[in-house]
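The structure appears below as structure tokens.
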Amino acid sequence: MAEVGTNMDAGDAFFLVVAAGRGARAGAGGPKQYRALAGRQVLTRTIEALLDGAPGAQAMVVIHADDLDLYEAAIAPLPEALRARLFSPAIGGATRQDSVCNGLEALAEAGVGANAAVLIHDAARPFVGRELILRALEAAREKGAAVPGVAVTDTIKEVAEDSRVVETPDRATLRAVQTPQAFGFGLILAAHRAVRADGCRELTDDAAVAEWAGHCVFVFPGESGNIKLTTPEDFLRAEAKLLNDLPDVRTGQGFDVHAFGEGDHVWLGGVKVAHDRGLVGHSDADVLLHAITDAVLGAIADGDIGAHFPPSDPQWRGASSDRFLRHAVDLVAARGGRVAHVDATLICERPKVGPHREAIRAKIAEIMSLPLDRVAVKATTSERLGFTGRQEGIAALAMATVRLP
Ligand code: MG
């Protein structure tokens, strides 16, 4: 166990982001903190909001031991200046409480001092605002232990196991508590260590840990928009909210052709499809991803795939085309926008696309961080007419809807 250092002063501030949960209530689709929300993973959004909100602060994320690859993918889209402010992730434990304790120990190992402020935040609250972060930092320094709370608008009933109402607490005295929960680092580390040593495992937030250890915990104003994404409905509402914040709707179109040559497979939408011929091209000749990339670039009026990735540049020889598409999606994100929908059509006699269609959709959705229901892939022949009908090559058409601020 590391001693708590004193080499940092009270001006130091750290975020501990709790991202080790499995998110079972959010339905299928893997841990909710790694799901895409309007084209960007929840965890990516949360880290960005925190670090942008407190320019001097650093952050550590507590992750599940199985999630290292997911974590790396989530931080990859962050600007280098933000990534530089992240510690290596800590590995969580069996409960949220264990995970936070592990994270605090890792911060202590990293030399965080007792007088520093630490804000402990749920990864599933990506809408945390700058004002709230500033209030939390101030509260950590002034109170030592404080949590954001909002007034309760529903009447709360305490009920027995048989659903009988036992009590109706006075609503005026109740607060729904959020994160970031704000503490002096030495105080909350010691409290977590004491709870762990005692074997107490029932505490659902860090304020309760501080309370258990005998500290006075204060409440400061939270934000109604700082919701915790818990259920599939929460995700749908959050998607809709983010979409409505992007009123400038653009449509882009793309078209591409590659000729057949020698080979035993073709790449279609990032999926390797066995065929008795290959497609000729400088990169992997993924005609479908090229058309979609051009559609996205067209929607933001930012040139075409050839301008961004010149065929004359040897570094793109044999390149996997998902990089081109991801770059176009990142250009949209850099403008504060998102791709809302993609519709693409492959035109060829062979190979038969039908058996691969769902795999191709899923791959495109993954590359673009889009929900599956926002990716359409269709296929048609040209009734043996023209170059596609003579099986000289494959053509692809695509349209992308992009929303910008
Ligand atoms: Mg091409």
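The values are calculated or read from the model by the stated rules, or taken from the named source; none is laboratory data. Values in this document were obtained by computation on a predicted structure and should not be read as measured data. Because the Cβ atoms are built from the backbone with ideal geometry, glycine has one as well, and the counts that use them run over all protein chains shown. To get the accessible areas, we keep the full protein, side chains included, count just its heavy atoms, and leave off ligands, DNA and RNA. Shrake-Rupley method; radii C 1.70, N 1.55, O 1.52, S 1.80 Å.
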Top positive-direction residue, dipole computed over the chain with Cβ charges, set Leu70, Gly254, Asn244: Gly254
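Could you rank the peptides 230-238, 46-54, 154-162, 378-386 by their average count of other C-beta atoms within 10 Å per residue, with the highest value first?
Numbers: 230-238: 14.8, 46-54: 20.9, 154-162: 9.1, 378-386: 12.9.
Listed from highest to lowest mean packing, they are 46-54, 230-238, 378-386, 154-162.
Taking 8 Å as the Cα distance limit and 6 or more residues as the minimum spacing, I'd like the relative contact order of the chain as a percentage.
Relative CO of the chain lands at 16 percent.
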Karplus 3J(HN,Hα) series, Hz, for the range 85-92 with 6.51 cos²θ - 1.76 cosθ + 1.60 (x for Gly, Pro): 9, 9, 6, 4, x, 8, 9, x
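Rounded to the nearest 20 Debye, what is the dipole magnitude of the chain about its Cα centre when Lys and Arg each give +1 and Asp and Glu each give -1 at the C-beta?
Computed about the Cα centre, the dipole is about 700 debye.
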Proximal charge balance of Ala396 [Cβ under 12 Å; K/R count +1, D/E count -1]: -3
Euclidean distance of C-alpha centroids, the range 359-405 and the range 141-217, integer Å: 51
Accessible surface, the range 13-243, averaged per residue in Å² (probe 1.4 Å): 44
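Packing-wise, with mean Cβ within 10 Å as the measure, how do 393-402, 281-290 rank, highest first?
Working: 393-402: 23.5, 281-290: 25.3.
Per-residue mean Cβ counts within 10 Å order the peptides as 281-290, 393-402.
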Ala176-Glu131 pseudo-label distance in nm [points 7 Å out on the Cα-to-Cβ vector]: 1.8
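Based solely on its DSSP helices, what 222 nm [θ] is calculated for the chain when runs of n ≥ 4 H residues each add -39,500 (n - 2.57) and the sum is averaged over all residues, nearest 500 deg cm²/dmol?
-9500 deg cm²/dmol
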Neighbourhood charge, 13 Å Cβ-Cβ cut-off, centred on Asp248 and excluding it, Lys, Arg +1 and Asp, Glu -1: +3
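As an exercise, identify the trypsin sites (Lys or Arg not before Pro) in the range 285-364 lying in DSSP coil whose Cβ has no more than 11 other Cβ atoms within 10 Å.
Working: sites: Arg317, Arg323, Arg326, Arg335, Arg338, Lys352, Arg357, Arg361, Lys363; in loops: Arg317, Arg335, Lys352.
In loop regions of the range 285-364 (DSSP not H, G, I, E or B), the sparsely surrounded trypsin sites (Lys or Arg not before Pro) are Arg317.
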Lysines with Cα under 25 Å of Lys352, excluding same-chain neighbours fewer than 8 positions away: Lys272, Lys363, Lys378
Asn226 long-range amide H proximity, modeled H, under 5 Å: none
Residue (of Ile227, Thr95, Ala54) at the positive-pole extreme of the range 13-243, dipole from beta-carbon charges: Ala54
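When the accessible area of the chain is computed with all protein chains present and a 1.4 Å probe, what percentage of it is carbon and sulfur?
Numbers: 9670 of 18620 Å².
For the chain, the apolar C and S fraction of the accessible surface comes to 52 percent.
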Dipole magnitude of the range 247-404, debye to nearest 20 (Cβ charges: Lys/Arg +1, Asp/Glu -1, about Cα centre): 340
Positive-end residue of Ala191, Ala140, Val165, charge dipole of the range 119-233 with Cβ unit charges: Ala140
Burial ranking of peptide ranges 307-316, 182-191 (average Cβ count within 10 Å, highest at the top): 182-191, 307-316
Against the rule of thumb 2.2 N^0.38 Å, how large the Cα Rg of the chain comes out: 1.18
